[in-house]
Amino acid sequence: MKGVIIGGGIIGLSIARQLYKLGYDITVVEKRMLGRGASWAAGGMLAPLAEGLVGDFLDFCLESRDMYKSFVEEIQKETGDNVGFWECGIIYPVFSEEEKSLIQKRIKYYNKLGHNAIWLDRKDIEDKGYMLGKSVLGGAYFPDDKQVDNRRLITALVMYIKKTKIEVRQFETVRFINEKNGVFKSVTTDKGEIEADFCILAAGAWSGELEPLKVFPKKGQMFSFKTKKKEELKNILYSKRAYIIPRKDTNLVVVGATEENVFFKEGVTVAGLAILIKGLLDTLPNTKDYEIVETWYGFRPATPDGFPILGKSDIKNLYYATGHYRNGILLTPITAKIMADLIHKEEESPYLKIFSFDRFKHLMV
């Protein structure tokens, strides 16, 4: 059975890998280089607790976070690549009494649910080796939140895909998704037509250009800097002002990210970097003389409620796996699994109902 996947980011590639291993003939169509969209621009945090998630979405993200270790171990075994998975834990520094009160309530909420969340006084954080900004009062510690180096993971996935018989069509733009009598038939690209038995739309922030989906871009700017020694920072420091992500076994630290409703406006801006640099220096003022290595930006695939769009469409054999917003890297393992189970075994995870595009039909014109 042949499938075509529109989108060569981490979601599309992971679903392609999963279906290929189940014996499907898969074609991936990507209008840029594989993996160089939001997946490349991301921070790689696996942080459902630090992000303050609740309800069904918290459960969904926790399940995916806890799948990550075996997920990356499989990919590392298949490719020989180390993808920088690090169970480093996350510290959430707070800068005001009001924020402290809110975070302490969050800790109590998570503790009641059985999750690992701890309050650290300022001295407790300093004892971990951090020279904090004057306004840091303390923070929450989420020891079970983790990270993966998303660029290394994408590179490994691309390596895996290229070693297989999966057909890759890079720098090719899908113009139309074609159906007949309500059944998917083919996709039309700027280079021709691709017929298949099913199609998965995983085009991130560009998904709404092909289907009437409420998916829109939310721009994020980021930069990275070098510390003076490897793993000078032992935890991610995540706050409303900036998130600061040290990479495993290196002296590279990633700082992000702005949230901008500017459609697909390209470029890194002075204002965007100023916000991030201020957030970094408010948290760790000793980094002021460290060398900036790179600046970049990307477009998250946002939805009106901030949750992904997954599962069946109104067209038979056309499926959606998009709208992951801030959590595309985190949700990769579980998205690949439930989408492959849906196609291969017609097994519908309860999450597919919760995150179905049906919830937005009343917004469509």
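Readers should treat all values here as calculations from the given coordinates under stated rules, not as data from a laboratory. Model, not experiment: these values are computed from the prediction. Backbone-built Cβ (ideal geometry, glycine too); neighbour counts: all protein chains shown.
Structure notes:
- Amide H within-cut-off set for residue 9, under 5 Å, with H built and near neighbours excluded: 35
- Rounded to 5, the percent of DSSP beta bridges in the chain classed as antiparallel: 70 percent
- With the charge dipole of the chain set up from +1 on Lys and Arg Cβ and -1 on Asp and Glu Cβ about the Cα centre, the Cα lying farthest toward the positive end among the listed residues 354, 50, 242 is that of 242.
- Legend: distances between Cα atoms for 108/228; 134/226; 105/214; 185/312; pairs beyond 27 Å are 108/228; 105/214.
- In sequence order, calculated HN-Hα J values of region 210-223 (Karplus, 6.51, -1.76, 1.60; Hz; x Gly/Pro): 10, 9, x, 9, 7, 10, 9, x, 10, 6, x, 9, 8, 8
- Of the three principal axes defined by the Cα atoms of the chain, the extents in descending order read 65, 40, 40 Å.
- The gain in end-to-end length when the residue 165 to residue 131 segment is fully stretched comes to 7.2 nm, 0.36 nm per residue minus the alpha carbon separation.
- Computed label-point distance, nm, for sites residue 123 and residue 291 using a 7 Å Cα→Cβ extension: 3.8 nm
- Taking every Cα-Cα distance in region 62-179 and sorting them into 10 Å bins from zero, the calculated P(r) comes out as 11, 28, 23, 20, 14, 4, 0 percent.
- Projected onto its three principal axes, the C-alpha set of region 216-351 covers 57, 33, 21 Å, listed from the longest axis down.
- Rounded to the nearest 20, the size of the Cβ-charge dipole of region 19-175 about its Cα centre is 480 debye, with Lys and Arg at +1 and Asp and Glu at -1.
- Residue 250 versus residue 22: modelled label distance in nm, points set 7 Å from Cα along the beta carbon direction: 3.4 nm
- Two-site FRET efficiency, residue 265 against residue 176, from Cβ-Cβ distance with R₀ of 30 Å, rounded to 0.05: 0.70
- HN-Hα J in Hz across region 129-140 - Karplus 6.51, -1.76, 1.60, θ = phi - 60°, x for Gly and Pro: x, 9, 9, 7, x, 4, 8, 6, 8, x, x, 8
- The chain, dipole about Cα centre (Lys/Arg Cβ +1, Asp/Glu Cβ -1), debye to the nearest 20: 460 debye
- Whole-angstrom gap from region 252-271 to region 161-191, using each part's C-alpha centre: 31 Å
- Largest-first principal axis extents, alpha carbons of region 1-134, Å: 57, 32, 28
- Counting every other Cβ atom within 10 Å of each residue's Cβ, 335, 269 order from fewest to most as 269, 335.
- Membrane-span-like helices in the chain (whole DSSP H runs, Cα extent of at least 18 Å along the helix axis, mean Kyte-Doolittle hydropathy of at least 1.6): 270-283.
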